Amino acid sequence: MSGQDEVVGLFPTPVMRAPGVLPPALVDALVTHFSAQALQPNNSSDALSHTRMLQPSDSPLLVEAAALITPKIAEFGRHLFGETLGWAIKEMWVNVLDTGGRQSMHNHANSFASGVVYLTETHDSARTVFMKSPGGNDFSLKNDHAGVVTGPYNAEKWVSPSPSPGDLMLFPSYLMHAVPPNAGERRITLALNAIPTRLDSWGYSLSFNG
Ligand SMILES: [Fe+2]
């Protein structure tokens, strides 16, 4: 008698969605306070701008946001490192994406966990998209046509579900992501990078301070 066939999903990438992490009053206050400070242009699009890099200490609103977000990062970090570590948000910034704006594919350097809190409604066209890292510089072989069924093993991208204001999404900082052209209203997000205080590999340890 033979056993049941089994497909094992090896080494999956954690992406964590935490709905309603910031309450509506704080979301509104962040939008009011920071959207006027998003004056730095972005190379990807004329319709995308952001604030300078901010520290929680730059505003009591960010202190409040960080206090609500950091426990979620610690929970997410258990999946990355197998332990509840101390975590610190080392920078936050606010992105203002007007109609027609987009953000090209990128990841976040010098960081372990990254996140985005949606501060406004997000039009379906401008949901965050996560991608597999593009391969090398060699010929590319694909089976890609109308008859192909896309699943977790052959997909090259994942369009995240529609978020609501106040929702947080956390992902490993190495993971490629982008925002396709926004066909809807102005979309505002609070982005962040976080690091664990210490990583230890059998006594070989690294300490970080943001
Ligand atoms: Fe990003």
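The values are calculated or read from the model by the stated rules, or taken from the named source; none is laboratory data. This is a predicted model, so every value here is computed, not measured. Cβ atoms come from the backbone with ideal geometry, glycine included; neighbour counts cover every protein chain shown. In case anyone asks, the SASA skips ligands and DNA or RNA and just uses the protein heavy atoms, side chains included. Shrake-Rupley method; radii C 1.70, N 1.55, O 1.52, S 1.80 Å.
Quick notes on this one:
- Residue within the range 77-91 that is in contact with a Leu (Cβ under 6 Å, 6 or more places away or on another chain), more than 16 Å from the ligand (Cβ to nearest atom) and at pLDDT 95 or above present: yes
- Answer residue from the range 187-202, given it is among the hydrophobic types (A, V, I, L, M, F, W, C) and in a strand (DSSP E or B) and is farthest from the ligand (Cβ to nearest atom) among those: Leu199
- Verdict on Ala88 being in contact (Cβ under 8 Å) with a residue 40 or more places away in the chain, open to solvent by 20 Å² or more (accessible area, probe 1.4 Å) and aliphatic (A, V, I, L, M): yes
- The selection criterion, being among the small types (Gly, Ala, Ser) and either touching a strand residue (DSSP E or B) at 6+ places or on another chain (Cβ under 8 Å) or open to solvent by less than 20 Å² (accessible area, probe 1.4 Å) (or both), holds for Gly166.
- Taking the criterion of being touching a helix residue (DSSP H, G or I) at 6+ places or on another chain (Cβ under 7 Å) and either surrounded by 19 or more Cβ atoms within 10 Å (Cβ to Cβ) or not charged (D, E, K, R) (or both), the residues of the range 60-72 that qualify are Leu61, Leu62, Val63, Ala65, Ala66.
- All positions within the range 169-183 that are away from the ligand (no atom under 12 Å from the Cβ) and either charged (D, E, K, R) or open to solvent by 10 Å² or more (accessible area, probe 1.4 Å) (or both): Pro180, Pro181, Ala183
- Of the set (1) free of Cβ contacts under 8 Å to residues at least 12 places away in the same chain; (2) open to solvent by less than 70 Å² (accessible area, probe 1.4 Å); (3) outside any strand (DSSP E or B), all apply to Ser205 but (3).
- Cross-chain or 6+ apart pairs with Cβ under 7 Å, the range 1-16 first and in a loop (DSSP other than H, G, I, E, B), then modelled with pLDDT under 95 and surrounded by fewer than 10 Cβ atoms within 10 Å (Cβ to Cβ): Gly9/Pro152
- Leading residue by the ranking (farthest from the ligand (Cβ to nearest atom)) among those in the range 96-116 that are polar (S, T, N, Q) and either more than 13 Å from the chain's Cα centre (by Cα) or closer than 14 Å to Asn193 by Cα (or both): Thr99
- With respect to the stated conditions, Pro161 is away from the ligand (no atom under 14 Å from the Cβ), under 14 Å from the mean Cα position of the chain (by Cα) and not in a strand (DSSP E or B).
- Residue within the range 27-44 that is in a strand (DSSP E or B), within 28 Å of Pro12 (Cα to Cα) and open to solvent by 30 Å² or more (accessible area, probe 1.4 Å) present: no
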